[in-house]
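Taken together, the values in this text are just the output of simple stated rules run on the coordinates, not laboratory data. Quantities reported herein were computed from a predicted structural model and do not represent experimental measurements. We place every Cβ from the backbone using ideal geometry, glycine too, and count neighbours over all the protein chains shown.
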């Protein structure tokens, strides 16, 4: 960029006279123009980036916030899963454990422990709306879960005390797995594997190879040993207090297991097999309360953990086909 001539007015000669610049002045002028132009354009760039894109620190913070928000979303899903499991444990507590022991159910309002209507958590107001809402939800839900878990612990303590004062009845209550295998199919409407149509499946099927040990699930007296239709070789035990259990598709029975024999919980009573109408070797197990068939899964509380109970419930939901 060249330095243009400037003029001054000479009053004596009454004319404009051009000003003379040397080479050094020309270079200084050009450098000044480039520097000023660069500073101006840099300023415009900084203003644009700050207003519409963000500074490097702001961009890093934004990326970090996005990662944290995704983590909060993942945590929310985990909390909802825990909430669902706690509800199932509470249902089992009311419908099985407390019912069996003759204790009153704990109402939903009591289990919620007056949750809802907590503090609005104003400290979250500094975040954007979606993040603040998620943080408030998470805080409120965790508080709710802590309260419900505390109530469930108290309920289990009450159950333990009741058990200690009702030991005889509970010793006659079917409360363990009849064999070591995992659950294959549960109580309810199931498709029969041989007949091919859906019908009521009155018990639970457990994995058991031919010759696997089968145990009495409570103290009682042998009521029947023999063959019965599609169930094959069976054993029926009368436990008193309105309870009976049935073990089907057996391959054999020890000689000392016969009508009138007294048995204890956990005592060997037979061996699993494939007798009767089945898809394959397994143990079919039923519990009758006052001559009505009930879901055996709800009576395994002395033998399985809450996590195993939830696993069995999940298997029961997913498997719509029985073994017999």
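Points to keep in mind about this one:
- The stretch between residue 224 and residue 11, if pulled fully straight at 0.36 nm per residue, gains 62.7 nm over its current Cα-Cα span.
- Label point of residue 321 set 7 angstrom out along Cα-Cβ; within the stretch 242-275, amide nitrogens under 20 Å from it belong to 274-275.
- Full-extension gain in nm, residue 79 to residue 302, via 0.36 nm per residue minus C-alpha separation: 77.5 nm
- Global geometry of the stretch 121-181, whether rounded, prolate or oblate, following the gyration tensor of its Cα atoms and the 1.5 cut on a/c: oblate
- Across the stretch 183-318, Cα pairs under 8 Å and at least six residues apart give a relative contact order of 29 percent.
- Inter-probe distance in nm under a simple model that places probes 7 Å from Cα toward Cβ, at residue 264 and residue 289: 2.7 nm
- Across the stretch 183-318, Cα-Cα pairs more than 18 Å apart make up 54 percent of the total.
- Cβ-Cβ FRET estimate between residue 107 and residue 142, R0 fixed at 25 Å, reported to 0.05: 0.65
- Each peptide in 308-317, 100-109 receives the mean, over its residues, of other Cβ atoms within 10 Å, and ordering these scores from highest gives 308-317, 100-109.
- The stretch 69-165 - Rg and Dmax from Cα coordinates, angstrom: 16.8, 56
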